[in-house]
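Presented below is the structure to which this report refers.
Computed from the coordinates by the stated procedures, all read-outs in this text should not be read as laboratory data. Bear in mind the structure is a predicted one, so any value in this text is a computation, not a measurement. Methodologically, a virtual Cβ is constructed for each residue, glycine included, from the backbone with ideal geometry; neighbour enumeration extends over all protein chains shown.
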Amino acid sequence: MSSAPTNVLSFDVEHWYSATLVRDSVSDPTDHLTKSVESVLSILADYDVQATFFVVGQVAERYPELIARIDRAGHEIGSHGHSHQPLFDLSKASFREEIAASTAAIRTATGTQPIGFRAPNFSVTPKTKWAIEVLHEAGYRYDSSVFPVRTPMYGVNGVPLEPYRLDPARPFERGTVNSPLVELPLAVAHPKLRIPIAGGFYARLLPRRLLVAGIRQLNARGIPATLYFHPWEFNPAVTTDEPGLHKRFVSFHGIDGLSATLRTLLETFSFTTAASVARAQPGGRSDTAADDQTITNARRTE
Ligand SMILES: [Zn+2]
């Protein structure tokens, strides 16, 4: 157990009606955000685990005190964009504005500069790879938006399954120890079939034991699992009759059992923030990189 890697636990903080499939069909959204976040914070406190909350900038603007509370509880605040528009709908220039606005909103709420990003709908794919350059320019140190299997809505085939350093111009392949950013791909089980086990919808759909087995299998290969959830998924009060049945299935199926699933995961595995797993990657601009450079230079002079 002690040699198993520490996994990444993350929550995308947005309104429940931001979920893509219900966004256009909910006419009278009720505000469940504070209560949903409080449910998550209390579960995390029970297990003394720190997680990353990727916050939508507009949410940080409207609920600065809630975001500050998450921060004060020792969790990391990252960016989940400003308006929750998938990158597929943005240009490089408008994404730059999104990142600037979202970064500013988080800094206002917490006093701290975010260093990590999660794209709405995991929308970093070859079509939107300019996003990583924008993140780099804006001072971000890691991204956790790449879903390493193609699905109907998102995903990229063939990218590494484990955290990797990357050069902003080539975000889907391993860079060198000097590459400035880290990617934390979302968890998939089975190196060939790449079955998504990353949380959210998948954690609500899959039997709990398969989820546990998938994470265990990744960890056995030395790979930390990066999991995502949404605070609203821990608040059954968000379910609505408005959207059609299919949409409701994807968005709300399994919502009653997700707290128990998260507790099982927290009892079974160790978790931490995305930033601490990103920082643990050798190289980059950290002290480790400087040490590596010294060693290389020393070898050269021998
Ligand atoms: Zn989202």
Seminar exercise, completed: The simple spin-label model distance between residue 72 and residue 3, using points 7 Å out along Cα→Cβ, in nm, is 4.3
Problem set entry | Distance between modelled label sites at residue 93 and residue 151, nm, 7 Å Cα→Cβ extension | 3.3
Seminar exercise, completed: Quick calc: nm separation of the 7 Å Cα→Cβ label points for residue 47 and residue 112 -> 2.0
For this session: May I ask you to derive the FRET efficiency for residue 104 and residue 34 from their Cβ-Cβ distance with R0 = 25 Å, giving the value to the nearest 0.05?
Result: 0.70
